[in-house]
Amino acid sequence: MIGQRSETSDASGAHFAFTDRWGGVSAVPYEELNLGGAVGDDPETVRTNRELAAKSLGLDPDRVVWMNQVHGNDVAEVDGPWTTGDIPPVDGLVTATRGLALAVLTADCVPVLLADPVAGVVGAAHAGRPGMVAGIVPAAVDAMASLGADPARIVARTGPAVCGRCYEVPEEMRAEVAAVEPAAYAETGWGTPAVDVVAGVHAQLERLGVRDRQRSPVCTRESADHFSYRRDRTTGRLAGYVWLD
Ligand SMILES: [Zn+2]
């Protein structure tokens with residue numbers, strides 16, 4: 001069965017879910033629930049894992065939309081699954097189609113899930129360090145607004161991601177990131193320069209007027225129950241899912 005995935009939903013019918021690494025059929029080093037299709041795992045195995053994860057969430061696997069993530073700031077509006085084999089290179093998805101789930105893959109990067117249940121609009125974004133700096137979060141909120149969402153009504157949830165105490169970067173890189181997003185300035189637990197992408201994402205959401213924000217307490221690099229690229233390099237991908245009833 002699927003492991004300790006967290007799923008929350010509220011009376012408005014908005015659902016937010018984040019997987020952990022357990023409950024799938026992938027072999028080492030992707031054990032067990034690798035949901036990423038571009039990390040070297042067997043494609044059939046990934047397909048099975050995606051079906052297992054969807055079913056555990058009460059979703060039709062064919063009503064989940066995935067991205068070809070490239071650490072950029074492009075957002076696609078969708079009203080159904082991709083119909084061609086080529087998934088466009090985007091790091092954000094928005095939809096006004098109820099029941100359609102948007103999915104984001106991560107292993108240390110920040111999965112950002114957004115919903116305005118009143119407008120009937122949801123969004124998902126992949127915010128690693130480059131994407132956060134490039135503005136994928138405001139781009140996703142803007143795309144939702146163009147579909148009628150109001151930032152003041154948007155509910156935002158960020159999932160398991162590497163924490164600021166674990167994400168060591170060169171001093172120069174920290175300065176570059178902090179010049180764009182001061183809230184991301186951090187220091188590792190061992191006293192060297194670091195970046196806190198989660199803090200950066202939440203600072204951006206706050207400035208955009210998104211008040212209802214929660215973050216996962218899980219640091220992927222510190223958790224044996226989650227995939228971490230920075231810890232393991234060759235590893236699987238977790239997924240975050242957002243949808244409206
Ligand atoms: Zn950490």
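Be a star and scan the stretch 39-60 for residues whose amide nitrogen sits under 11 Å from the point 7 Å along the Cα-to-Cβ vector of Thr234.
40-41
Could you compute the longest span of the chain free of chymotrypsin sites (Phe, Trp or Tyr not before Pro) located in DSSP loops and having at most 16 other Cβ atoms within 10 Å, not counting the site residues?
83-189
With charges set only on the Cβ (+1 for Lys and Arg, -1 for Asp and Glu), what does the dipole of the chain come to about its Cα centre, in debye to the nearest 20?
Value, rounded to 20: 340 debye.
Compute, for Thr84, the solvent-accessible surface of its heavy atoms (probe 1.4 Å) with the complete set of protein chains present, and express it in square angstrom to the nearest 10.
Only protein atoms counted, so the area is about 90 Å².
How many Å² of accessible area per residue for the stretch 4-237, probe 1.4 Å?
Result: 42 Å² per residue.
Answer with one residue from Val177, Ala38, Asn73: the one whose Cα lies farthest towards the positive end of the charge dipole of the chain, charges on Cβ with Lys, Arg +1 and Asp, Glu -1.
Comparing the listed Cα positions along the dipole, Val177 ranks first.
Considering only protein heavy atoms and a 1.4 Å probe, what is the carbon-and-sulfur percentage of the accessible area of the stretch 4-237?
With neighbouring chains kept in place, the figure for the stretch 4-237 is 49 percent.
Tell me, in nm to one decimal, what length is gained between Asn68 and Asp245 on full extension, where the rule is 0.36 nm per residue of separation less the Cα-Cα distance?
Between Asn68 and Asp245, full extension yields 61.2 nm more.
When Lys and Arg each count +1 and Asp and Glu each count -1, what net charge do the other residues less than 14 Å away from Arg231, Cβ to Cβ, add up to?
Once all neighbours under 14 Å are counted, the net charge is +1.
Could you calculate the FRET efficiency of Asp79 with Ala27 from 1/(1 + (r/R0)^6), where r is the beta carbon distance between them and R0 is 30 Å, rounded to 0.05?
Efficiency, from the Cβ-Cβ distance: 0.25.
Could you estimate the translational diffusion coefficient of the stretch 1-136 from the Stokes-Einstein equation, with Rh from the Kirkwood formula over C-alpha pairs, at 10 °C and 1.306 mPa s, in whole µm²/s?
103 µm²/s
So how many Å³ per residue does the convex hull of the Cα atoms of the chain work out to?
In the chain, the Cα hull volume divided by residue count equals 110 Å³.
Could you work out how far apart the two model spin labels at Arg165 and Ala152 are, taking each label as a point 7 Å from the Cα in the direction of the beta carbon, and quote it in nm?
3.8 nm
Equivalent ellipsoid semi-axes for the stretch 172-245, as square roots of 5 times the alpha carbon gyration tensor eigenvalues: give them largest first, rounded to whole Å.
In descending order the semi-axes read 22, 22, 10 Å.
Report Rg(Cα)/(2.2 N^0.38 Å) for the stretch 103-222, keeping two decimals.
Expressed relative to 2.2 N^0.38 Å, the Cα Rg reads 1.04.
The values are calculated or read from the model by the stated rules, or taken from the named source; none is laboratory data. Source: prediction; values computed, not measured. Glycine also receives a Cβ, built like all others from the backbone with ideal geometry; neighbour counts cover every protein chain displayed. Note: accessible area is taken over every heavy atom of the protein model, side chains too, but ligands, DNA and RNA are not part of it. Shrake-Rupley method; radii C 1.70, N 1.55, O 1.52, S 1.80 Å.
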